[in-house]
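The values are calculated or read from the model by the stated rules, or taken from the named source; none is laboratory data. In this text the structure is predicted, and so the values were computed from the model without any measurement. Here the Cβ is made from the backbone with ideal geometry for all residues, glycine too, and neighbour counts use every protein chain on show. Areas reflect the complete protein model, heavy atoms only, side chains present, ligands, DNA and RNA absent. Shrake-Rupley method; radii C 1.70, N 1.55, O 1.52, S 1.80 Å.
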Amino acid sequence: MSRIGKKPIAIPAGVKVALTGSLLSVQGPKGSLQRSLSDAVDLAVSADQVVVSRRGDGNSDRSFQGLTRTLVANMLDGVTKGYERVLEISGVGYRAELKGSVLTLSLGYSHPVEYPLPQGISAEVEKQTKITIRGIDKELVGATAAKIRSFRGPEPYKGKGIRYADERILRKAGKTGKK
């Protein structure tokens, strides 16, 4: 039995939740989100809370109940508080620059890497080595941060590359010279 899936989700003040068929719409002070939900779960929307219940008792039904509850909770948090992910760039000559909605990264390649930010995502570059990605959709914020990190992932010998601010890189010892 899903412990997370059974918990009701409190609707914060100033947020409107509407369910049309299997499409859930959430509107809040920071924006609005929509998501199509699985047929394995039922949603009961009242004035102050949302309750997710499952239709069957199979393993996939139980999994979808917990997943759906988490997705709805993330939508409610996103339209009220929003999400952010911080990336740090380390390496000599590695830097970032924001021109409109295009992030230009100099990462030691022969050419700068230009990445247009997706709709609904905003970025801020501080000190040319710190990128803050913000948005209301947790999934999109995480995917954007992962895509930017993939342009030059951190390497284990010197730690150069793009990493998450809370990420710890395990360092390896390099080659030892002849003695």
Notebook entry, point to check: Taking the Cα centre of segment 55-143 as the origin, how large is its charge dipole in debye, to the nearest 20, when only Lys and Arg (+1) and Asp and Glu (-1) carry charge on their Cβ atoms?
Noted result: 100 debye
Margin query: I'd like the chymotrypsin sites (Phe, Trp or Tyr not before Pro) in segment 138-179 restricted to DSSP loop residues with at most 16 other Cβ atoms within 10 Å, sorted by number.
Written below: 151, 157
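For segment 10-130, state the semi-axes of the equivalent ellipsoid (square roots of 5 times the eigenvalues of the alpha-carbon gyration tensor), sorted largest first and rounded to whole angstrom.
Working: eigenvalues 305, 60, 29 Å².
They are 39, 17, 12 Å, listed from largest to smallest.
Give me the percent of the accessible area of segment 12-120 that comes from carbon and sulfur atoms, probe 1.4 Å, all protein chains in place.
Values: 2950 of 6090 Å².
Carbon and sulfur: 49 percent of the exposed surface of segment 12-120.
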Margin query: Just the number please: accessible area per residue for segment 1-83, 1.4 Å probe, all protein chains included, in Å².
Written below: 57 Å²
Notebook entry, point to check: Using the Cβ atoms and a cut-off under 11 Å, what net charge is assigned to the surroundings of residue 152, where Lys and Arg are +1 and Asp and Glu are -1?
Noted result: +2
Next item on the list: Compute the distance in nm between two label points, each set 7 Å from the Cα along the Cα-to-Cβ direction, one at residue 109 and one at residue 62.
Entry: 4.5 nm
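Once fully extended, how much extra length lies between residue 86 and residue 35, figured as 0.36 nm per residue of separation less the alpha-carbon to alpha-carbon distance?
Roughly 15.8 nm would be gained on extension.
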Check: Counting only Cα, what are the radius of gyration and maximum Cα-Cα distance Dmax of segment 66-179, in Å?
Finding: 16.7, 62
Notebook entry, point to check: What net charge is computed for the residues neighbouring residue 172, neighbours being all others with C-beta under 12 Å from the C-beta of residue 172, Lys and Arg scored +1, Asp and Glu -1?
Noted result: +2
Check: If you average 1/r over every pair of different alpha-carbon atoms in segment 107-172 and take one over that average, what Kirkwood value in Å do you get?
Finding: 13.1 Å
Notebook entry, point to check: Cα to Cα, under 16 Å, and not fewer than 8 places away if on the same chain: which lysines meet these conditions relative to residue 99?
Noted result: 127, 130
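Counting other C-beta atoms within 10 Å, and keeping those with at most 15, which DSSP coil trypsin sites (Lys or Arg not before Pro) do you find in segment 96-174? Kindly include the intermediate steps, with their values, before the conclusion.
Working: sites: 99, 127, 130, 134, 138, 147, 149, 152, 158, 160, 163, 168, 171, 172; in loops: 127, 152, 158, 160, 168, 171, 172.
Those satisfying the criteria are 127, 158, 168, 171, 172.
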Note to self: Rounding to the nearest 10 and keeping the result within 0 to 90°, find how far the Cα-based axis of helix 138-150 lies from the longest principal axis of the chain.
What the structure shows: 20 degrees
Note to self: For the pair residue 164/residue 95, report the inter-label distance in nm, with labels modelled 7 Å from Cα in the Cβ direction.
What the structure shows: 2.8 nm
